[in-house]
Amino acid sequence: MSQEQVVRIAQPGAAEVMQLELVEVGAPGPGEVRVRHAFCGLNYIDIYHRSGVYPLPMPSGLGMEASGIVEAVGEGVSHLAEGDRVAYASQPVGAYATARVMPARCVVRLPDGIGLDTGAAMMLKGLTVQYLLRKTVPQGGLQAGDTVLFHAAAGGVGLIACQWARHLGLKLIGTAGSDEKCELARQHGAAHVINYRREDFAARVKEHTEGRGVKVVYDSVGADTWAGSLACLSTFGLMVSFGNASGVVPPVSLASLSANSLYLTRPVLFAHLATRESTQAMADELFDVVSQGVVRIPIGQRYALAEVQQAHRELEARTTTGSGLLVI
Ligand code: NDP
């Protein structure tokens, strides 16, 4: 048992609702592990949780990604041992903390060559890119030469997606909210970039594809981009709506899919992480591309745990690029 610093919210709201509290953290129970955190990952889903877009039972902790050292393992846990360097992306929330107890099935050992900062910066975002590019497209999946549109391409998920797509031989058209962000996405492997704050991205995508449109749109922006994203798809194209940074997509008319006989999916990472085996298999693929150096994890922002309010404000204000970390 020890007293740990934990970020808690009593009710949903703006960044100020997050407060540091001292909380007793005990020994792990059966199937659990206790992790002393080194770094916690910042993710846009933390904003949805804090603001109430994705409701949580209150009061609540926050955060779904971290790295650190295993301090104790509970009964029945055989894949981890005290002293292991580990990382995780997981439910339940509660990663914004100096240490925590959590389900061991979510936690994986980090390979020697991958630092604890990289571990916390890449698990939730990198596993997301793994399932988006490698598991989400049916009927043979994506093939080298296919063209996809990826919104918010200079963000945490976005910069990993640009690099992984290039590695797979895909032509990724990336959108971003400033010329500087567009340049960053291009440097990380986007074949074309579009500043969607000042350009009609659907018209530009049509130009880049000689009028055909793209095979897949990956849209985490939501309300603002929904209609334009549908217009970018080729016949039988797939709309992957996986987030809502600009607001939740309003109810959709099925007729909006019929003109081009489109497919639509609304996937969630945690469905893919349901078992320890699937989590490890996805993590192994991520570790492989990172260890080879074909995907680097750009860490654009680092904050102290006590600066968590500022970290959220900057993420919401669209001033961040790549991954952000809370340094414990
Ligand atoms: P990012 O670092 O990508 O930050 C979000 C980005 O969204 C901003 O930087 C901004 O980039 C863009 N954006 C566009 N419109 C707005 C707006 N109105 N307000 C704020 N941001 C806006 O975040 P993450 O890498 O953590 O996550 C990216 C997205 O992926 C999020 O929507 C997240 O919820 C989703 N996600 C979904 C998962 C799933 O399994 N369904 C799993 C993981 C992430 P710009 O200025 O360039 O437009």
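The values are calculated or read from the model by the stated rules, or taken from the named source; none is laboratory data. Predicted model, so just to flag it, every value in this text is computed and none were measured. Methodologically, a virtual Cβ is constructed for each residue, glycine included, from the backbone with ideal geometry; neighbour enumeration extends over all protein chains shown. Accessible surface areas use protein heavy atoms only, side chains included; no ligands, DNA or RNA. Shrake-Rupley method; radii C 1.70, N 1.55, O 1.52, S 1.80 Å.
Couple of notes before you dig in:
- Listed peptides 96-103, 287-294 appear in the order 96-103, 287-294 once ranked by packing, highest mean of other Cβ atoms within 10 Å at the front.
- Those GluC sites (Glu not before Pro) in the stretch 66-120 that DSSP places in a loop and that have at most 13 other beta carbons within 10 Å: Glu75, Glu82
- The stretch 35-142 shape via C-alpha gyration tensor axes, a/c threshold 1.5: oblate
- For Arg36, the accessible surface of its heavy atoms amounts to roughly 80 Å² (probe 1.4 Å, protein chains only, rounded to the nearest 10).
- Using alpha-carbon coordinates, inclination of helix 156-167 to the longest axis of the chain, degrees: 60 degrees
- Judged by the mean number of other Cβ atoms found within 10 Å, the most tightly packed of the peptides 152-160, 4-12 leads the ranking 152-160, 4-12.
- Shape call, the stretch 133-249: gyration tensor on alpha carbons, a/c limit 1.5: rounded
- Whole-angstrom gap from the stretch 20-81 to the stretch 284-328, using each part's C-alpha centre: 17 Å
- What the phi angles of the stretch 315-328 give under the Karplus curve with 6.51, -1.76 and 1.60, with θ = phi - 60°, is a coupling list of 4, 5, 7, 6, 9, 9, 9, x, 8, x, 10, 9, 8, 8 Hz, glycine and proline written as x.
- For the chain, the solvent-accessible area works out to 41 Å² per residue, with a probe of 1.4 Å and every protein chain left in place.
- Burial ranking of peptide ranges 311-320, 120-129, 272-281 (average Cβ count within 10 Å, highest at the top): 120-129, 311-320, 272-281
- Placed amide H near Asp146: partners under 5 Å, 5+ positions off or other chain: Lys171
- Distances between placed amide hydrogens fall under 5 Å for Ala95 paired with Leu62, Gly63, Met64, Glu65, all partners being 5 or more residues away or on another chain.
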